1. Which log10 I(q)/I(0) values does the range B:90-206 give at q = 0.11, 0.14, 0.23 Å⁻¹ under the Debye formula, counting every alpha carbon as one identical point scatterer?
2. Longer than 32 Å from Cα to Cα, which of A:39/A:105; A:105/B:99; A:24/B:137 are they? Say none if no pair is.
3. The range B:178-248: D in µm²/s via Stokes-Einstein (Kirkwood Rh, Cα pairs, 25 °C, 0.890 mPa s)?
4. Once amide H atoms are built 1.01 Å from N in the peptide plane, which residues 5 or more positions from residue B:231, or in another chain, come under 5 Å H to H?
5. If you fit an axis through the alpha-carbon atoms of helix A:103-114 and take the longest principal axis of the Cα set of chain A, what angle between them do you get, 0 to 90°, nearest 10?
6. The range A:49-135: percent of C-alpha pairs farther apart than 20 Å?
7. So if I take the alpha carbon set of the protein assembly as shown, get Rg, then get Rh from the Kirkwood formula, what is the Rg over Rh ratio?
8. If R₀ is 35 angstrom, what is the calculated FRET efficiency for the pair residue A:32 and residue A:158, using the beta carbon separation as r and rounding to 0.05?
Amino acid sequence: MADLQQLYEAVLNGDAKSAVAVTKEALAGNVDPMTLVTKFMVPAMDEVGRRFECEEYFVPELLLAARAMKGSLELIRPLLTASGAEPTGRVVIGTVKGDLHDIGKNLVGSLLEGGGFEVTDLGADVSPERFVEAIRAHNADFICLSALLTVTMPAMKNVIETLKSSGVRDQVKVLVGGAPVTREYAAQIGADGYAENASAAVHLARSLLQPAA
Amino acid sequence: MRLKLISCEIVFREMCHLLAEAEHRVDVEFLPKGLHDIGASSMRKRLQQAIDGVEAPEYDAILLGYGLCGMGLAGLVTRHIPLVVPRAHDCITLFLGSKQRYADYFADHSGVYFRTTGWLERAENMNQLQQFSIQSKSGMGMSYPELVEKYGQENADYLWEQIGDFVRNYRQLTFIEMGVEQNGRFEQQARAEAGERDWKFEKLRGDLGLLRRLVNAQWDPEDFLVVKPGEKIVVRYDDSIIAAEPAS
Ligand code: B12
């Protein structure tokens with residue numbers, strides 16, 4: 001029987017090899033795949049996010065943990081799909097048109113993926129039309145927009161406008177971020193949420209999933 | 001008039017050229033280009049220190065040779081004398097001479113990395129402020145040998161794929177020639193860089209007009225913000241870019 005705590009440790013330590021090995025062993029021993037995700041991997045990624053937020057972890061640690069998580073998710077996902085389990089939520093993410101800064105966006109994407117979301121990353125310099133297409137193609141619940149230039153912040157507003165004119169605005173929650181973006185700006189352009197770092201972005205997305213009671 | 005210019009060294013050659021023929025007496029303090037990389041709040045702190053350090057009675061105004069630089073100027077306060085700031089998102093406006101020209105160029109050219117004399121000789125491989133930069137504090141600026149040493153060969157190969165090439169998304173290098181280059185060596189260096197990466201190369205004629213008006217005290221409100229004593233710089237999400245408000 002696999003020691004599942006090792007899966008938690010492997011993800012937290014960014015050890016892709018062990019993560020995959022423990023996952024294989026667990027699945028062979030008929031451990032419920034959903035349990036692996038919710039009880040071990042997601043909590044490990046939450047801890048990774050927390051450490052990143054308080055600067056105990058840096059970009060490399062975060063990328064390695066995300067890779068370990070991905071490696072084991074690849075084994076688990078087909079089983080989840082076969083059993084009809086839905087991901088926590090579907091996310092389309094990208095850096096807005098004209099902007100090529102993608103490091104922060106990549107970290108947000110990785111942590112969301114680690115948090116159980118299904119993430120489609122459109123890359124950098126993404127036009128509003130491509131966001132709309134991707135929302136339709138992936139039936140997204142969230143769209144995450146990143147901008148690092150004050151020059152490209154208005155492009156976030158353009159995306160929201162295009163979502164409206166294409167009739168998909170009500171289908172998705174729009175989250176925005178990037179160093180120059182503020183909560184105030186997010187509210188001004190009618191986004192649904194703003195977070196200042198990758199770990200806060202995961203909490204934000206989760207909180208928006210809970211329908212207001 | 002006696003003016004005090006606090007400027008990023010990214011415009012060092014341009015400013016020296018303009019100051020030599022300035023209409024007023026302008027004293028200058030250049031701050032390191034490294035402020036670009038330390039994040040908005042640390043950048044603001046250092047700029048505020050420089051502003052507070054100006055012997056106010058000596059001068060009629062303080063000039064900033066900066067753009068907004070990703071919120072790096074937001075919140076700056078002047079206590080005793082006016083502070084004059086070009087309405088610009090970043091230094092590319094200072095080189096192109098107008099925010100409109102930057103906006104237009106930006107709109108029809110994506111994937112462009114800009115180079116000027118300053119961006120070539122003062123932007124890279126400089127150790128100033130390095131330990132404070134976002135790149136080194138976040139670990140994303142580590143070299144390949146450093147990654148191997150810290151994370152092992154296999155992990156380092158993966159990480160290098162992810163963070164080894166900052167400019168993988170770019171397609172073009174635009175060299176802005178300001179007319180302060182003695183010879184073609186900067187252009188050659190920029191062309192060589194574009195060639196190495198297989199990027200399109202374009203040369204644009206820069207325009208010193210905006211910086212000239214800054215140092216010559218021709219501060220039309222369309223292009224310059226004059227912050228009065230007791231006010232601070234705030235951001236505007238429209239063409240005016242920045243505005244002034246009471247500091248408290
Ligand atoms: C690294 C860097 C670069 C790298 C980018 C590498 C890459 N592949 O991304 C390179 C060198 C290529 C580069 C290029 C340029 N840059 Co640059 N760059 C930076 C720098 C130093 C750090 C950015 C960074 O990666 N931070 C680390 C990451 C982890 O942080 P982050 O992106 O903020 O992301 C976190 C949060 O914001 C949040 N987040 C991010 N996205 C999202 C999205 C959502 C939905 C949510 C919820 C949260 C969220 O979570 C992330 C993780 O915690 C900043 C300085 C600064 N103050 O930010 C300048 C900066 C952004 N660059 C600047 C400039 C001027 C440029 C150039 C124009 C320079 C040139 N000579 O051409 C070009 C731009 C080209 C273009 N069209 O995009 C200016 C922008 C000024 C402006 N107009 O606003 C800045 C602000 C520097 C400055 N002080 O002036 N740059």
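The values are calculated or read from the model by the stated rules, or taken from the named source; none is laboratory data. Just so it is clear, the structure is predicted and the values come from calculations on it, not from any experiment. In this analysis, Cβ positions are derived from the backbone assuming ideal geometry, glycine residues included, and neighbour counts consider all displayed protein chains. With ligands, DNA and RNA removed, areas are computed over all heavy atoms of the protein, side chains included. Shrake-Rupley method; radii C 1.70, N 1.55, O 1.52, S 1.80 Å.
1. Calculated log10 I(q)/I(0) at the listed q: -0.48, -0.74, -1.29.
2. Details: A:39/A:105 26 Å; A:105/B:99 27 Å; A:24/B:137 36 Å.
Those over the limit are A:24/B:137.
3. Working: Rh = 15.8 Å.
Here the translational diffusion coefficient equals 155 µm²/s.
4. Here B:78, B:247 satisfy the definition.
5. Once rounded, the angle reads 50 degrees.
6. Numbers: 1621 of 3741 pairs.
Considering the range A:49-135, 43 percent of its Cα-Cα pairs are separated by more than 20 Å.
7. On the way: Rg = 24.5 Å, Rh = 24.1 Å.
The Rg/Rh ratio comes out at 1.02.
8. Numbers: r = 44 Å, r/R0 = 1.27.
So the FRET efficiency works out to roughly 0.20.
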